[in-house]
Amino acid sequence: MSQQTSEHDVVIIGAGIIGLTIARQLLLLSNLSVVVVDAHRPCYGATGAGQGYVWMSYRTPGSDTWELAGRSKQLWEELAEEVRAQGSDPLDVLGWKRTGMSTVYSLNSQIELFQEK
């Protein structure tokens, strides 16, 4: 088996959602050459196991994790719109689609906190 070599400015190890997002941003916002390596196919490991959901449940409105999850959702929607603008379906290209959820609150204090956000 022969080995191939190449030179790149950045080598990203891991083709999960984090590695691929970092690679995409570097390619869009810099002149760096980037390569992503992984032992399996993209989004096979932890990203695949988590099914790619952006979970808002189990987050407290106003908390850092709430804000990060909201920002992640926003970025996914922006990426999906870019894919649509290029004439493709985000579900086909990214495996992404907008879904929903219901949240049931049992305490008035929970409802008030959620309504503030």
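Output the qualifying pairs, or none if there are none: Cβ atoms under 7 angstrom, residues six or more apart or on different chains, first residue in region 57-74 and on the phi < 0 side of the Ramachandran plot, second residue modelled with pLDDT of 80 or more.
Arg59/Thr65; Arg59/Trp66; Arg59/Ala69; Thr60/Trp66
Step by step: first the residues of region 80-117, then only those that are at pLDDT 85 or above and closer than 19 Å to Cys43 by Cα, then the one that is surrounded by the fewest Cβ atoms within 10 Å (Cβ to Cβ). Which residue is that? Step through it out loud before you land on a result.
Filtering region 80-117 down to residues at pLDDT 85 or above leaves 80-89.
Going one step further and asking which of them are closer than 19 Å to Cys43 by Cα, we end up with 80, 83, 89.
On the way: Ala80: 19, Val83: 17, Asp89: 12.
The residue in question is Asp89.
Could we say that Thr21 is under 21 Å from Leu91 (Cβ atoms), open to solvent by less than 80 Å² (accessible area, probe 1.4 Å) and modelled with pLDDT under 90 here? Don't jump to the end; show me each part of the working.
Values: under 21 Å from Leu91 (Cβ atoms): yes; open to solvent by less than 80 Å² (accessible area, probe 1.4 Å): yes; modelled with pLDDT under 90: yes.
Yes; evaluated as a whole, the condition is true for this residue.
Can you find a residue that is at pLDDT 80 or above, outside any loop (DSSP other than H, G, I, E, B) and under 16 Å from the mean Cα position of the chain (by Cα) anywhere in region 37-60?
We begin by selecting, within region 37-60, every residue at pLDDT 80 or above; these are 37-40.
Now drop any that are not outside any loop (DSSP other than H, G, I, E, B), which leaves 37.
Remaining after also requiring under 16 Å from the mean Cα position of the chain (by Cα): none.
Scanning region 37-60, I find no residue that is at pLDDT 80 or above, outside any loop (DSSP other than H, G, I, E, B) and under 16 Å from the mean Cα position of the chain (by Cα), so the answer is no.
Taking Val10, is it in contact (Cβ under 8 Å) with a residue 24 or more places away in the chain, within 23 Å of Leu75 (Cβ to Cβ) and over 14 Å from the mean Cα position of the chain (by Cα)?
Yes; evaluated as a whole, the condition is true for this residue.
The values are calculated or read from the model by the stated rules, or taken from the named source; none is laboratory data. Keep in mind the model is a prediction, meaning the values are calculated, not measured. With ideal geometry, Cβ positions are generated from the backbone for all residues, glycine too; neighbour counts draw on all protein chains shown. Ligands, DNA and RNA are stripped out before the accessible areas are found, and what is left, the full protein with its side chains, is counted by its heavy atoms. Shrake-Rupley method; radii C 1.70, N 1.55, O 1.52, S 1.80 Å.
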